[in-house]
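The values are calculated or read from the model by the stated rules, or taken from the named source; none is laboratory data. Bear in mind that the values here come from a model prediction, so they are computed numbers and not experimental data. Positions of Cβ are backbone-derived with ideal geometry, glycine not excepted, and every protein chain shown enters the neighbour counts. With ligands, DNA and RNA removed, areas are computed over all heavy atoms of the protein, side chains included. Shrake-Rupley method; radii C 1.70, N 1.55, O 1.52, S 1.80 Å.
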Amino acid sequence: AFSAQNRAVTASDYINLAYRMPSNYGKIKRCNILRDEDSLRRNLNLYVLAENENGFLTEANNTLKQNLKMWLNNYKMIHDTIDIMDGKVINFAIEFHAIANPEFNKAQVLLQAQSVLASHYSQPMFMGEPIYITDVYNLLNKEVRGIIDVKSVKISPRSSGAYSRSSFDFNVQTSADGRILYSPDNVCFELKYPNRDIKGTLE
């Protein structure tokens with residue numbers, strides 16, 4: 001429908017357009033669009049995040065938002081109204097406890113485990129994308145030579161100093177079986193400093 005009408009029809013159309021905005025207008029790193037349930041019109045809330053010079057997620061400045069609005073105006077359906085809003089960044093840390101093969105050097109095993117997790121979470125999640133805690137277990141068990149079994153994994157927030165100040169209750173957002181950390185549709189999870197935010201212990 002989009003290609004036929006040269007108009008954004010679905011939520012995916014708007015998201016794709018935001019990512020395809022010409023670079024001279026600026027760059028959107030992460031976004032998501034939701035229908036405003038409190039609006040009687042076809043009002044859409046487009047949540048966006050940009051990237052700073054260090055590669056970390058940050059709020060988009062007003063110029064970037066205005067450029068995005070003008071860009072989308074070329075393609076939006078005539079009855080759609082779009083509010084561009086700030087998404088939220090939630091920084092997190094990973095702690096794990098595992099059993100190491102006694103034939104391996106524990107320090108080297110721990111470094112490899114941290115490297116595997118840092119690589120997997122090197123890019124921030126997409127808005128609304130959950131963290132599957134079972135992925136951490138699988139990565140450590142399958143990708144790290146020298147780990148016999150992972151006994152526990154904990155995902156915890158980071159929200160002071162150089163981290164995002166956005167509030168988020170990890171306990172409320174974790175599934176009853178402890179396997180999934182859910183994300184609201186306007187939130188991105190980001191492992192900001194792997195060297196300090198990935199900690200493990202081996203026995």
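Carbon and sulfur: what percent of the stretch 82-138's accessible surface (1.4 Å probe)? Accessible surface attributable to carbon and sulfur in the stretch 82-138 totals 51 percent. Take the chain and mark each of the trypsin sites (Lys or Arg not before Pro) that is in a DSSP loop with at most 16 other Cβ atoms within 10 Å; the longest unmarked stretch, sites excluded, is 42-144.
Please work out how much length the chain gains when fully extended from residue 162 to residue 145, using 0.36 nm per residue of separation minus the C-alpha to C-alpha distance, in nm with one decimal. Write out the running numbers ahead of the final one.
Values: separation 17, 0.36 × 17 = 6.12 nm, distance 3.33 nm.
This chain segment gains 2.8 nm when fully extended.
Measuring only protein heavy atoms, the 1.4 Å probe finds residue 201 accessible over about 70 Å².
Measuring nothing but protein heavy atoms, the accessible surface of the stretch 140-203 at 1.4 Å probe radius is 42 percent carbon and sulfur. Relative to the longest principal axis of the Cα atoms of the chain, the long axis of helix 106-120 lies at roughly 10 degrees.
Would you mind computing Rg(Cα) / (2.2 N^0.38 Å) for the chain, counting N as its residues?
Normalised Rg, Cα atoms only: 1.22.
Taking 0.36 nm per residue of separation and subtracting the Cα-Cα distance, full extension of the segment from residue 175 to residue 54 would add 40.3 nm. Modelled spin labels at residue 120 and residue 107, positioned 7 Å past Cα toward Cβ, are 2.6 nm from each other. Think of the stretch 86-196 as having a plus end and a minus end, set by charges on the Cβ of Lys, Arg, Asp and Glu; of 156, 176, 132, 156 sits farthest toward the positive end of this dipole.
In the context of the full set of protein chains, the chain has a per residue accessible area of 56 Å² (1.4 Å probe). Of the residues 157, 22, 124, the one that moves most in a GNM of the chain with alpha-carbon contacts below 10 Å is 22.
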